[in-house]
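> Supplied in structure tokens, the structure appears directly below.
The values are calculated or read from the model by the stated rules, or taken from the named source; none is laboratory data. What you are looking at is a predicted structure, and each value in this text was computed from that prediction instead of being measured. Neighbour counts run over all protein chains shown; Cβ positions are idealised from the backbone, glycine included. All accessible areas refer to the heavy atoms of the entire protein, side chains included, with ligands and DNA or RNA removed. Shrake-Rupley method; radii C 1.70, N 1.55, O 1.52, S 1.80 Å.
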Amino acid sequence: MQELSPAELGEQLQDDDGPLVLDIRHEEDFQEWHIPGSRNVDVYDELTDDPEQAIEPLDDLPSDEQIVTVCAAGVVSQTATAVLRELGYDAVTLTDGMNGWSRVHRHAELPVDVDGTLVQVARPGKGCFSHVLVSDGEAAVFDPSHYLDEYDTVLDEYDAELVGVFDTHAHADHVSGAADLAARHDVPYYLHQKDALAVDATPLEDGQTVTVGRLDIEVVHTPGHSEGSVSFDVEGAALLTGDTLFHDSVGRVELGVEAGIEDSDVEQNAATLYESLQRLLDRPDDALVLPAHDPGSPEPPVAATLAEVRERNDDLGRDREAFVEELASDIPDHPPNFERVKRTNVGQESVPEDELAELELGPNNCAAE
């Protein structure tokens, strides 16, 4: 069977003349989460029951483009590829489908003025960002996924020794790889104690300074999205804001409550988040805001200054009362399996390695809007 790896597809989609990505899943699944720019032809049932029924709806595609077929796990899309090739199309299957797309990682340096290098690791299929800070031969990793080899690749590229791994909070959309990466390198794993409910982690405290090479990183406790959310201020030049502050939105405030791991309520969390954001807004206007998510399918580097975020983020223009009312009343769709993911990241549940990819499958949905 003709196949294309997710990494190869990611490379090809950077070109204007990239392939046509044909998603054959049900329309509602496509609308919830898909590869940007892809086209949906809902023939999943036809391909499963009787592939000949899919011939007519599939026989109206551009004949001068390569077609990459996509489903959830790359199984039914193989049938779609076979039908298309019988019809004369140049068709291949995306290996492992959306599951495979979720594993793709890409990295690039950020334009930040520090005595070192800040590398952004993007996971386009999940809309997730990790960051690797390198200075004077030492490195720290922030918010890593559980695909640990991606970070070892960056460390090798910059010939840096890992000295610490940090999570901005206990994530709700993906399983953290921070504790495992720290264990692999025998270095501390840092997480605020309010989120390290049953995790062996080195606690972070507000105002604490952690040094990496020649750089000082200030810990800023910014609860609201979760009780233990923190942001990291790198020499006033970069703000790693986790899920507290995004470029166009802010973190949602009900996930920990609904997962049963927080005693607060949504209104309390919204008011707490408002106060946390005021602390971040006092930082330098030219500091780069580097959240842990982007709502699209991000290609690194993705960054905006605090001044730019202040201008474009409507949430930051609301007074306290309006902010709390908006966040407490407008609850978007939850990240898939967020309860189990959240419990896993605080140490209350253990997920077998072979189930992690399926558990994470889907959009992140960690922003309030």
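So that you can scan it fast, the table gives a plain yes or no per residue for (1) of a type in the set (Lys, Arg); (2) touching a Phe, Trp or Tyr at 6+ places or on another chain (Cβ under 6 Å); (3) under 16 Å from HIS174 (Cα atoms); (4) in a loop (DSSP other than H, G, I, E, B):
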| site | (1), (2), (3), (4) |
| --- | --- |
| VAL302 | no, no, no, yes |
| VAL309 | no, no, no, no |
| LEU316 | no, no, no, no |
| ALA322 | no, no, no, no |
| ALA328 | no, no, no, no |
| ASP333 | no, no, yes, yes |
| GLU339 | no, no, yes, no |
| GLU349 | no, no, yes, yes |
| GLU355 | no, no, yes, no |
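> With the requirement that a residue be open to solvent by less than 10 Å² (accessible area, probe 1.4 Å) and outside any loop (DSSP other than H, G, I, E, B), what does region 164-190 give you?
GLY164, VAL165, PHE166, ALA178, LEU181, ALA182
> Quick test for you: out of LEU255, LEU327, LEU273, LEU288, pick the one residue that is under 26 Å from VAL212 (Cα atoms) and either in contact (Cβ under 8 Å) with a residue 40 or more places away in the chain or under 23 Å from the mean Cα position of the chain (by Cα) (or both). Can you show your working first?
Details: LEU255 fails: under 26 Å from VAL212 (Cα atoms); LEU327 fails: under 26 Å from VAL212 (Cα atoms); LEU273 fails: under 26 Å from VAL212 (Cα atoms).
Residue meeting the stated conditions: LEU288.
> I've got another one for you. Looking at ASN313, ASN337, which is the one that is open to solvent by 30 Å² or more (accessible area, probe 1.4 Å), within 18 Å of ALA367 (Cα to Cα) and among the polar types (S, T, N, Q)? Don't jump to the end; show me each part of the working.
On the way: ASN313 fails: open to solvent by 30 Å² or more (accessible area, probe 1.4 Å).
Matching residue, one of ASN313, ASN337: ASN337.
> Right, here's the next one. Looking for something of a type in the set (Ser, Thr, Tyr) and under 30 Å from ALA259 (Cβ atoms) - is there at least one such residue anywhere in region 152-166? Please lay out each step first, then the result.
Restricting attention to region 152-166, the residues satisfying the condition of being of a type in the set (Ser, Thr, Tyr) are 153, 158.
Next cut, under 30 Å from ALA259 (Cβ atoms) only: none.
No, region 152-166 contains no residue that is of a type in the set (Ser, Thr, Tyr) and under 30 Å from ALA259 (Cβ atoms).
> Got at least one residue in region 199-216 being touching a residue at least 40 places away in the same chain (Cβ under 8 Å), open to solvent by less than 20 Å² (accessible area, probe 1.4 Å), closer than 24 Å to ALA259 by Cα and not charged (D, E, K, R)?
Looking through region 199-216, none of the residues is touching a residue at least 40 places away in the same chain (Cβ under 8 Å), open to solvent by less than 20 Å² (accessible area, probe 1.4 Å), closer than 24 Å to ALA259 by Cα and not charged (D, E, K, R).
> From the list ASP200, ASP156, which one is over 22 Å from the mean Cα position of the chain (by Cα) and part of a helix (DSSP H, G or I)?
Result of the check over ASP200, ASP156: ASP156.
> Could you list, ordered by first residue, the pairs with Cβ atoms under 9 Å in which the first is in region 34-54 and touching a residue at least 40 places away in the same chain (Cβ under 8 Å) and the second is assigned to a helix (DSSP H, G or I) and not aliphatic (A, V, I, L, M), at least 6 apart or interchain?
ILE35/TRP101
> For region 82-133, how many residues meet the condition of being in contact with a helix residue (DSSP H, G or I) (Cβ under 8 Å, 6 or more places away or on another chain), of a type in the set (A, V, I, L, M, F, W, C) and closer than 19 Å to PRO300 by Cα?
5
> Being at pLDDT 90 or above, on the phi < 0 side of the Ramachandran plot and surrounded by fewer than 17 Cβ atoms within 10 Å (Cβ to Cβ) is true for just one of ASP319, ASP354. Which residue is that? Don't jump to the end; show me each part of the working.
Working: ASP354 fails: at pLDDT 90 or above.
Of ASP319, ASP354, the one residue that is at pLDDT 90 or above, on the phi < 0 side of the Ramachandran plot and surrounded by fewer than 17 Cβ atoms within 10 Å (Cβ to Cβ) is ASP319.
> Looking at ARG39, is it open to solvent by 50 Å² or more (accessible area, probe 1.4 Å) and modelled with pLDDT of 95 or more?
Values: open to solvent by 50 Å² or more (accessible area, probe 1.4 Å): yes; modelled with pLDDT of 95 or more: yes.
Considered against the rule, which asks whether it is open to solvent by 50 Å² or more (accessible area, probe 1.4 Å) and modelled with pLDDT of 95 or more, ARG39 comes out as yes.
> Additional query: Given the options ALA172, ALA140, ALA183, name the one that is modelled with pLDDT under 95, of a type in the set (A, V, I, L, M) and under 24 Å from GLY228 (Cα atoms).
Details: ALA140 fails: modelled with pLDDT under 95; ALA183 fails: modelled with pLDDT under 95.
None of the others qualify; the one that does is ALA172.
> Let me ask something else about it. Would region 258-281 turn up any residue that is part of a loop (DSSP other than H, G, I, E, B), touching a Leu at 6+ places or on another chain (Cβ under 9 Å), open to solvent by 40 Å² or more (accessible area, probe 1.4 Å) and not hydrophobic (A, V, I, L, M, F, W, C)?
So far as region 258-281 goes, no, none of its residues is part of a loop (DSSP other than H, G, I, E, B), touching a Leu at 6+ places or on another chain (Cβ under 9 Å), open to solvent by 40 Å² or more (accessible area, probe 1.4 Å) and not hydrophobic (A, V, I, L, M, F, W, C).
> May I pose another question? If I filter region 106-115 for residues that are open to solvent by less than 10 Å² (accessible area, probe 1.4 Å) and aliphatic (A, V, I, L, M), do I get at least one hit?
Within region 106-115, none of the residues are open to solvent by less than 10 Å² (accessible area, probe 1.4 Å) and aliphatic (A, V, I, L, M).
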